[in-house]
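The values are calculated or read from the model by the stated rules, or taken from the named source; none is laboratory data. Given the structure is predicted, the values throughout are model-derived calculations rather than measurements. We place every Cβ from the backbone using ideal geometry, glycine too, and count neighbours over all the protein chains shown.
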Amino acid sequence: MGIFDALTTAVSGLQAQSFALQNISGNIANSQTVGYKETDTSFQDLVSAAAPGQQTAGGVFASSTASNTVQGTIQNETQPTDMAIEGDGWFVVQQPSGSSGSQPQFTGVNYYTRRGDFQLNQNGYLVNGAGYYLEGIPLNPASGNPTSSTPSVLQFGNNFLPAQATTQINYQANLPSTPTPGVLVPADFTVNPLVSGTGTVVGTDAATFTAQSLDGGSITAYDSLGNQVNVQFRWAQTSASAASNTWQLFYQTNTSATGAQVAWQNTGTSFTFNSSGQLTSPASPTLTLANLTVNGDVVGNVTLNYGGTLSQFANSNGNVQVNGLTQNGFAAGQMQSLSVDTQGQVVGTFSNGQTIPLANITLATFNGQDALQPLNGGAYEATPESGTPLFSATGKVVGSSLESSNVDIATQFSQLIVAQQAYSANARVMTTSNQMIQSLLQVIQ
């Protein structure tokens, strides 16, 4: 029966090489598919059940081997919602089962993909080129805190960002060691501006104060409705010696534009610098501008943060050099565009100039990633062999980028040549076996 065994063995060889050719063909066809993972072929020998010494080389069985953990090349793209995963992880996605009106309906079944060519559709969903909808953890745009603990299909629409009142001003400045001549506030103002926590300079005193103090910069703050409030600062030197200099900070509460008296409010804090130009007092890095109000527009309590950013070094022009003046308030705005940042977040750019994180992109991983079941469109589903998804992937989301297929064309062509030669050899075995059987039949005749 050896001749017939050779025939069946050659047939299994033809089938195995045909299977390998099918995988090679699929890999080459998808060499430009975003996020595609090539499928390799594994061969297993089948040994006849015979006594030792009588066993012969049997047939062969071919099976597919996944390469899900092999990274594809990451390429830069111009689409801001394109994203790639560098390292371990899978995007969590869903596919709609139908629609209600213009809105898609979902069954809650999660799939997983490395295909990150997501774009915002007309309903505010991020959908990739294969029709899968991105999932993540939505964030509260005002606080930045997650609104849930489990990923869901993300929808953005025309998000409206409410106004945020200013609650903190960060101030960085260098005061001159030798200020402009005349900058020394006298102690005989009608209302002494140097009395800690009570000084308000108004009327004719305000004019004198302005002449004998230094501009400390200004910044636009916002009230709770998003109205702009111009906050102006001035520095007044109250004492000067070789060992130390003391200054006080004021902010304007009324301007001439309102028709009321010009007024400046003392912050009630003395700032003392040593001979090296370093701040020695106060020890606290912040002070509170209590119920900050300018021209009747109430901003509220605002924390002025100056810790480690105030100094008094030589300055040839004798003025205050403001190195940084920022605040955390903004007016209301409407979302204009979406993008993906380096923290793996979907961020919205609003008409008020703010860029706010709107969602965290969820990445899943599996103990048996190569055992995931492939689906159409570069998606996969979990299997008992892959295990359940673990939301602890260590990969990094890269915005404005896409992961290319991990197929190497040169390797596929070399495997194609090997498969072709092996197929031809197996066919040759069948031809030889057929000739031997024909010879045997002629003997019998």
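Looking only at residues in the range 77-104 that are surrounded by fewer than 22 Cβ atoms within 10 Å (Cβ to Cβ), at pLDDT 95 or above and in a strand (DSSP E or B), the one that is nearest to the chain's Cα centre (by Cα) is E86. For the range 261-318, the tally of residues that are among the aromatic types (F, W, Y) and either more than 22 Å from Q212 (Cβ to Cβ) or in a loop (DSSP other than H, G, I, E, B) (or both) stands at 2. For the range 306-327, the set of residues classified as surrounded by fewer than 16 Cβ atoms within 10 Å (Cβ to Cβ) and closer than 30 Å to Q164 by Cα consists of G307, G308, T309, Q321, N323, G324, T326, listed by residue number. Taken over the range 376-435, the criterion of being closer than 17 Å to N23 by Cα, in a loop (DSSP other than H, G, I, E, B) and not hydroxyl-bearing (S, T, Y) is satisfied by N376, G377, G378, N406, V407, D408.
One residue is enough: does the range 273-288 have a residue meeting the conditions in contact (Cβ under 8 Å) with a residue 40 or more places away in the chain and among the polar types (S, T, N, Q)? No, that holds for no residue.
The residues of the range 143-165 that are part of a strand (DSSP E or B) and hydrophobic (A, V, I, L, M, F, W, C), listed by number, are V153, F160, L161. Looking at S64, S42, S25, just one residue is in a strand (DSSP E or B) and without any contact (Cβ under 8 Å) to a residue 24 or more places away in the chain, and that residue is S42. When each of T388, T365, T383 is tested for being farther than 25 Å from N158 by Cβ, modelled with pLDDT of 95 or more, touching a strand residue (DSSP E or B) at 6+ places or on another chain (Cβ under 8 Å) and exposed (fewer than 13 other Cβ atoms within 10 Å of the Cβ), the lone residue that passes is T383. When N192, N254, N301, N230 are screened for being modelled with pLDDT of 95 or more, surrounded by 14 or more Cβ atoms within 10 Å (Cβ to Cβ) and farther than 18 Å from A173 by Cα, only N230 passes. Within the range 399-411, is there a residue that is farther than 30 Å from V340 by Cβ and either touching a Leu at 6+ places or on another chain (Cβ under 6 Å) or not β-branched (V, I, T) (or both)? So far as the range 399-411 goes, yes, one or more of its residues are farther than 30 Å from V340 by Cβ and either touching a Leu at 6+ places or on another chain (Cβ under 6 Å) or not β-branched (V, I, T) (or both). Among residues of the range 195-223 that are within 21 Å of N301 (Cβ to Cβ), those with a beta-carbon under 6 Å from a residue that is modelled with pLDDT of 80 or more and of a type in the set (S, T, Y) at least six positions away or on a different chain give the pairs A221/T166; Y222/T166. Please verify whether the range 113-128 includes one or more residues that are basic (K, R), buried (at least 20 other Cβ atoms within 10 Å of the Cβ) and under 17 Å from the mean Cα position of the chain (by Cα). Yes - at least one qualifying residue is present in the range 113-128.
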